[in-house]
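As structure tokens, the structure follows; a few thoughts come after it.
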Amino acid sequence: MTLVATVFGVRDGAAQNMAGPSSSQPKRVLMLFSEGKDVPGNIMLEQAVRAEMQKASTNRIEFLTEYLDASHFSDEGHLRVFEDYLGKKYSGQHLDLIVAFPSRDYLLAGALPDALFPEVPVVFVAINELEVPLAISKFGVTGIVQRYDIRGTLGLIMHLQPDTHRVVVIGGTSESDRAALGRIEEATRALEGIEFDFWTNRPGSELPAAVKTLPTGTVILMSSVQRDVTGQRFFLSQLAQTLAPAASVPVYVLGGWVLGSGAVGGAVIAPEDLGARTAQLALRILGGASPGKTPIEVATKGTPMVDWRALQRWGIKGSRVPADAIIRYRPETLWDQHKDLILISLSVLLAQAITIAGLLAQRQQRRRAEAEILNQRMELAHVTRVSTMGQLASALAHELNQPLGAILRNAEAAELFLQKEKPDLDEIRAILADIRKDDQRAGNVIDRMRSLLKRRSLESKSVDLGELLADTITLAQSDANARRVNLTLLIPSQLPAVRGDRVHLQQVLLNLILNGMDAMTDSPEEERLLTVRAETTKDKKVEIAVSDCGTGIPADKMKHLFEPFFTTKANGMGMGLPISQTIIEAHGGEIRGENSPGHGAVFRFTLPAIDP
Ligand code: ADP
């Protein structure tokens, strides 16, 4: 909670005194310190004020800095020398604002006579009301009092270390030290179950030994220590650097500038934040606001802050640290160190992943399309098989007529033999054997036709190629006879088996044979030669070539042979070769057509052989 209240009456100055140099000229701000240059808290605070003012101001700002150095030169004489020095140095100089950093028991404003900077407005920043300058400028004073957040710090202690039952408070004896201790005492009244031990009467020199033997369950809270009981002066951050690493228990602090000394942390006054707020107030005054009418801000809320290394030392889990606390000195993670690189790499990876996913999706789509085409081709294969069988039907009917006629004639002959008084039974047995043979012949023809007419998907079985070729030639033989084509089958004695679908392979062969016979329709009878040749290749494949002595393939048609619906025939469908190609490729083979060196064409296809 931030309390804002006017706690001091301030003298109003004359507003017209604000009329400084024109806005194109830099604003001149004097930073006036009670201490020397070496007080860590003030160094941090000054930097924060400068940085924020330069960042937020449209004007260029010229900073001037003066240090009273009261810790080292505390006598009245030094103060007068300082006053004299300031008076001479700045006489005739224009100043737009004084930012005062009073501290300890040196109230700059009270000590320096009004006459020094009578026309210049003042903004101060103090940790204690005691430090507030009562008068420095006729024109007016405003500022920020940022008190130590004692309740917040005690709350943080209990959050991080709930087993704490004793707090040793180390404090000093100066006026400001006593004021801080007074506030701690006030805060402890509200807390039950915790014992508070105020170490204010121990000389600073004895403290390092004393903090080494504190029992567990105890913590040290360092209040303000400007001066010890012997009157020796101390800088709190230096004292904390001596005590915190040596102490047998965790040390807590109230100022952000003491963090890093080995202390665990506290709800501290954060110099960066306080500096930024002071700068904002200073800019408001530089912009024309009247300090006399601007209330002094009194804030009591600190910033919870912890030192990661100290948490580790005392085994305090990170999960105990409140969510709003700032963690200092945590080693940088890989992420902290290479955030940009990691982000770039991640985006590259993401882009890659998206591209790969896209390509995979495309490939899947293509595969689906390919599978669909194969399905459709298989359907068409059936249709063309039926049509091929249609072409063969009349020839096959003729082939069927032969055994059927023979059966009839043999049956009639048998009847005649039976009419005899003493039928020759041996003769009748021979006739019946002939009938059985003819019947099987007719049955085989029908079986072959039926298996070709069945709708079926691709099978993968061992296929005896020799038998398949012979069967197919038999099937085509009647048609060849009718067309006066001389069919020749040339196969080596040893032909390896192939893996595949018998019916589909037969379909390819029949298609090539019928195409070859079609191409020889206009050839003289003695040239109508169609040869089917099978041989094993060097790379363990079987090659089957169907060659004819027909028209051959015109050069310009060559590249269209395997395209669907390409035909040069009046009743052609143009699907025979594309379907043959689909079937052969599905078997892992290849098919191609070319012209023979003499005349006519030759179509070859290969099939991988099964290892014997
Ligand atoms: P279709 O026989 O219905 O025309 P195909 O796909 O089997 O369909 O054949 C396509 C075309 O290829 C044929 O129309 C023909 O022009 C050509 N062709 C096929 N085989 C031969 C061959 N042995 N000699 C000459 N041309 C051929």
Using alpha-carbon pairs under 8 Å, 6+ residues apart, how would you state the relative contact order of the range 206-329 in percent? 21 percent
Aspartates and glutamates whose Cα lies under 12 Å from that of Lys37, excluding same-chain neighbours fewer than 8 positions away: Glu46, Glu66, Asp69
Which is farthest toward the positive dipole end of the range 295-354 among Gly318, Gly302, Gln352, measuring Cα position about the Cα centre, with Cβ charges +1 (Lys, Arg) and -1 (Asp, Glu)? Gly318
Over the range 444-585, how many percent of alpha carbon pairs lie in each 5 Å bin up to the one with the longest distance? 2, 9, 17, 21, 21, 17, 10, 3, 0
Tell me the relative contact order for the range 405-507 as a rounded percent, counting alpha carbon contacts under 8 Å between residues six or more apart. 29 percent
Using the Cα centre of the chain as origin and beta-carbon charges of +1 (Lys, Arg) and -1 (Asp, Glu), tell me which of Leu95, Val383, Ala279 is placed farthest towards the positive end of the dipole. Leu95
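Using only alpha carbon positions, build the gyration tensor of the range 504-582, then give the equivalent ellipsoid semi-axes as the square roots of 5 times its eigenvalues, largest first, whole angstrom.
Details: eigenvalues 90, 66, 29 Å².
Values for the range 504-582, descending: 21, 18, 12 Å.
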At least 18 Å along the helix axis (C-alpha) and Kyte average at least 0.5, DSSP helices within the chain: 502-519
Given an 8 Å cut-off on Cα distances and at least 6 residues of separation, report the relative contact order of the chain as a percent. 10 percent
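R0 = 22 Å: FRET efficiency of Arg309 with Ile344, Cβ-based, nearest 0.05?
The calculated FRET efficiency here is 0.10.
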Indicate, rounded to the nearest 5 percent, the antiparallel portion of the DSSP beta bridges found entirely in the range 482-545. 45 percent
Using the Cα gyration tensor of the range 267-337, with a ≥ b ≥ c the square roots of its eigenvalues, what is the shape: rounded (a/c below 1.5), prolate (a/b larger than b/c) or oblate (neither)? prolate
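Please order Glu66, Glu421, Glu297 by the number of other Cβ within 10 Å, starting at the fewest.
Glu421, Glu66, Glu297
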Pairwise label distance in nanometres, Ala209 with Gln47, each label 7 Å out on the Cα-Cβ vector: 3.7 nm
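Gain in length, His599 to Glu332, computed as 0.36 nm per residue apart minus the alpha-carbon separation, to one decimal in nm?
Details: separation 267, 0.36 × 267 = 96.12 nm, distance 8.34 nm.
Contour length minus Cα-Cα distance gives 87.8 nm.
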On average over all directions, what projected area in square nanometres does the chain have, based on the convex hull of its Cα atoms? 59.3 nm²
Gain upon complete extension [Thr567, Ile610; 0.36 nm per residue less C-alpha separation]: 12.0 nm
If you build the convex hull over the alpha carbons only and average its shadow over all orientations, what do you get for the range 247-293? Give it in nm² to one decimal. 4.3 nm²
Protection-proxy order for peptides 512-518, 348-354, each taking the mean of Cβ atoms within 10 Å per residue, highest first: 512-518, 348-354
Residues Leu489 and Leu408, FRET efficiency given R0 of 35 Å [Cβ-Cβ distance, rounded to 0.05]: 0.65
Could you work out how much longer the chain between Asp324 and Asp197 gets when fully extended? Use 0.36 nm per residue separation minus the Cα distance between them, nm to one decimal. 42.8 nm
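Among DSSP beta bridges lying fully in the chain, give the percent that are antiparallel, nearest 5. The partial results should precede the final answer.
Values: 31 of 76 bridges.
Antiparallel: roughly 40 percent of the beta bridges in the chain.
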Sum up the charges of everything whose Cβ sits under 11 Å from the Cβ of Glu535, counting Lys and Arg as +1 and Asp and Glu as -1, but leave Glu535 out. +3
According to a simple spin-label model (label point 7 Å from Cα along Cα-to-Cβ), what is the distance in nm between Lys437 and Arg592? 4.6 nm
With Cβ to Cβ distances under 11 Å as the rule, what net charge do the other residues near Phe566 carry (K, R +1; D, E -1)? +2
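Which net charge results for the neighbourhood of Gly588, defined as the other residues with beta-carbon distances under 11 angstrom from its beta-carbon, given Lys and Arg at +1 and Asp and Glu at -1? Can you show the working numbers first?
Details: positive: Arg499, Lys541; negative: Glu585, Glu590.
Here the count lands on 0.
Cα gyration tensor of the range 20-103, axes a ≥ b ≥ c as square roots of the eigenvalues: rounded (a/c below 1.5), prolate (a/b > b/c) or oblate? Could you put the intermediate results ahead of the total?
On the way: a/c = 3.87, a/b = 1.39, b/c = 2.78.
In terms of gyration-tensor shape, oblate.
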Rounded to one decimal in nm, the spacing of the 7 Å Cα→Cβ label points at Leu374 and Glu421 is 7.5 nm
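FYI, it's all coordinate maths here, none of it is from the lab. It should be emphasised that the depicted structure is a prediction, and the values quoted were computed from it without experimental measurement. Reconstructed Cβ throughout: ideal geometry from the backbone, glycine too, with neighbour counts over all protein chains shown.
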